[in-house]
Amino acid sequence: MIFEAKHSSKKKLRLEKSKNYIKGKFKYPNETPIDYSLKALFPVITEYMKGNPNKRPREKLQVQPISKSLLTSSLDKASVTWFGHSTTLIKLDGHLILLDPIFEAYSSPFRLGGKRYSEQLSIEVEDLPEIDAVLISHDHYDHLDFQSIKKIRDKVRVFLVPLGVGSHLKRWGINSEKIVELDWWEEVEFYGIKFRCTPAKHSSGRGVFNHNSTLWCSWIIEGNHANVFFSGDSGYGPHFQEIGDKYGPFDLTLIEAGQYDNNGWWPLHMLPEETIQAHIELQGRTLLPIHWGAFTLAVHDWDEPIERVLKTARERNVVVAAPRIGETVEIVSPKVPLTPWWRVTK
């Protein structure tokens, strides 16, 4: 159940109509060649084998607890609550939108990548309120989790996913009427909010034989009170400038900044300095770095992403919000949280 799902004949026809679908695989237009030779990967393998004593917090990470009533109060105010890694809840125009929900203790069904840094979640899944829309960026295990989807599926009104990802959800018992699949640059409107599926430079797949058989994406969430960009997973590329020129400026950008290295992972993930550049090209007002703070998937120090982001942000006059996990932040407020809570746990 947790692994890949096969596409129906009807679904394959839909995929084949996408200009991003070439010879049975999805591709980013400006591909960066990735060297998977032993020579190129040897430094990465060596780093993994050597280990890093700072790859996790030395103590269990303390998260800010939140209640169902807090999440549903003041729904007229646009706000964001980060749950660690990429899981984020947005309140916009009186509606709740959940991004890449991962609520399990591990980011992989094989218990790879280490255990979640915190002992508890900011809120138990059963205590979550009704969710108007769940957005999925791609089908990698640390962004699309079977157990998490299973726990929340009856709370969710609609699932918005990139092409092909709906096959997983249908296999997991979600009614096809609740699933909307989009290609890059397509959009739908629910509750007066526009949801735009936009490009990302990444990959997909949940098994050995289905690499890039589903699409990956970023998302734009445009309401009356805020315009938000969510990167999903992405390497740096020209799509950020294109999205910014077409749909910017953005009140808030949620952009990946962690789980990288300078070899195998880098072309499909960003270094923190590239996160800042992407935010600038998107014409973002406030940046909230994501894809860190919950799991160890790369060899760098666990808090290195936020430190490097903040350093570059100071140099380039970028406003960064660095909330505690579970802390709710008003999107259009001039005040942003910047207390270095992560340094207490080193």
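The values are calculated or read from the model by the stated rules, or taken from the named source; none is laboratory data. Model, not experiment: these values are computed from the prediction. Note: ideal-geometry Cβ built from the backbone for every residue, glycine included; neighbour counts use all protein chains shown.
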How about segment 99-115: which of its residues are crowded, with 23+ Cβ neighbours inside 10 Å and either touching a Phe, Trp or Tyr at 6+ places or on another chain (Cβ under 7 Å) or in a strand (DSSP E or B) (or both)? Leu99, Ser107
Please report, ordered by residue number, the strands (runs of 3 or more DSSP E) entirely within segment 119-235 with at least 2 residues that are of a type in the set (D, E, K, R) and in contact with a strand residue (DSSP E or B) (Cβ under 6 Å, 6 or more places away or on another chain). 193-198
Would you confirm whether any residue within segment 21-43 is of a type in the set (Lys, Arg), buried (at least 18 other Cβ atoms within 10 Å of the Cβ) and at pLDDT 80 or above? no
Name every residue in segment 330-340 that is surrounded by fewer than 20 Cβ atoms within 10 Å (Cβ to Cβ) and either among the β-branched types (Val, Ile, Thr) or in contact (Cβ under 8 Å) with a residue 40 or more places away in the chain (or both), in order of residue number. Glu330, Val332, Val336, Thr339
Looking at segment 154-170, which of the residues that are of a type in the set (Val, Ile, Thr) and touching a residue at least 40 places away in the same chain (Cβ under 8 Å) is surrounded by the most Cβ atoms within 10 Å (Cβ to Cβ)? Val165
Failed item in (1) at pLDDT 95 or above; (2) within 20 Å of Glu31 (Cα to Cα); (3) surrounded by fewer than 24 Cβ atoms within 10 Å (Cβ to Cβ), with Arg308 passing the rest: (2)
Could you tell me which of the residues Ile221, Ile193 is at pLDDT 95 or above, closer than 17 Å to Lys246 by Cβ, out of contact with any helix residue (DSSP H, G or I) (no Cβ under 6 Å at 6 or more places or on another chain) and among the β-branched types (Val, Ile, Thr)? Ile221
Which of the residues spanning segment 223-237 are of a type in the set (A, V, I, L, M) and over 17 Å from the mean Cα position of the chain (by Cα)? Ala226
The residue from Gly173, Gly192, Gly223 that alone is touching a residue at least 24 places away in the same chain (Cβ under 8 Å) and exposed (fewer than 15 other Cβ atoms within 10 Å of the Cβ) is Gly192
